[in-house]
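Worksheet: one structure, shown below.
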Amino acid sequence: MIEILRNRRSIRKYTSQKVESEKIELLKEAVLRSPSSKNINPWEFVFVDDKTLIEKLKSCKPHGVTPLSTAPLAIVVCADKTKNDVWVEDCSIASILLQLTAQSLGLGNCWIQIRKRMHNETISAEKYIQDLLNIPENLKVLSIVTVGYPEKLRDGKPFEELQFEKIRLNTFEK
């Protein structure tokens, strides 16, 4: 696991190679194995591999959507907020497990924030996506995770750049 973390970087450009169905099935299994508070599992996932829909997803907000330009796969991460008050945390855990599983399969990935972002001055990015993908209104959209084969490999963050000053032992004294 530490090697996966050492090598993981956000990938914003992908090759045109499709993600194999076997790998997509493993990604589905990974998100469904994600832990959640009280094992309520409020999350829901929309796996999008239709290029036309991915292109339309790119219009969900004005900034931060570059990975959707070339991604062959986009996973929309949602949850029923009425099932659990910590749905954001549950979806975040599922998202990072999705990203780490993708990394372990040789796939690049990138998180795209949707929650609390706007499509335009009057419509939220969430509402835009709900309408586009026929997602029921009771499901809140947290993020989109793009997945694909990296156009170019990026080195992981060097050990020397890790911010060890952010770690304290026992108390928050400097």
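Just so it is clear, none of the values below were taken in a lab; they were calculated from the coordinates. A quick note: this is a predicted structure, and the numbers were derived from the prediction, not measured. No Cβ is skipped: glycine too gets one built from the backbone with ideal geometry, and neighbour counts run over all protein chains shown.
Nearest 20 debye, what's the magnitude of the dipole of the range 72-174 about its Cα centre given +1 on Lys and Arg Cβ and -1 on Asp and Glu Cβ?
On the way: 13 positive and 14 negative charges, 13 e Å.
The calculated dipole for the range 72-174 is roughly 60 debye.
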Fill in the blank from the handout: Of 125-133, 58-66, 101-109, ordering from highest average Cβ density within 10 Å down gives 101-109, 125-133, 58-66
Handout entry: Placed amide H near residue 154: partners under 5 Å, 5+ positions off or other chain
Key = none
Handout entry: Inter-label distance for residue 121 and residue 86, nm, one decimal - labels placed 7 Å from Cα along Cα-to-Cβ
Key = 4.1
Handout entry: Karplus-derived HN-Hα couplings along the range 37-49 (A = 6.51, B = -1.76, C = 1.60, θ = phi - 60°), whole Hz, x at Gly and Pro
Key = 4, 6, 6, 7, 6, x, 6, 9, 9, 10, 8, 10, 10
Handout entry: Within the chain: Cβ-based charge dipole about Cα centre, in debye rounded to nearest 20 (Lys, Arg +1; Asp, Glu -1)
Key = 380
Practice task
Please give the length that would be gained between residue 28 and residue 137 if that part of the chain were fully extended, namely 0.36 nm times their separation in residues minus their C-alpha to C-alpha distance (nm, one decimal).
Solution key: 37.0 nm
Handout entry: Where the Cα pairs of the range 6-127 fall when distances are cut into 5 Å bins, in %
Key = 2, 10, 20, 22, 21, 15, 7, 2, 0
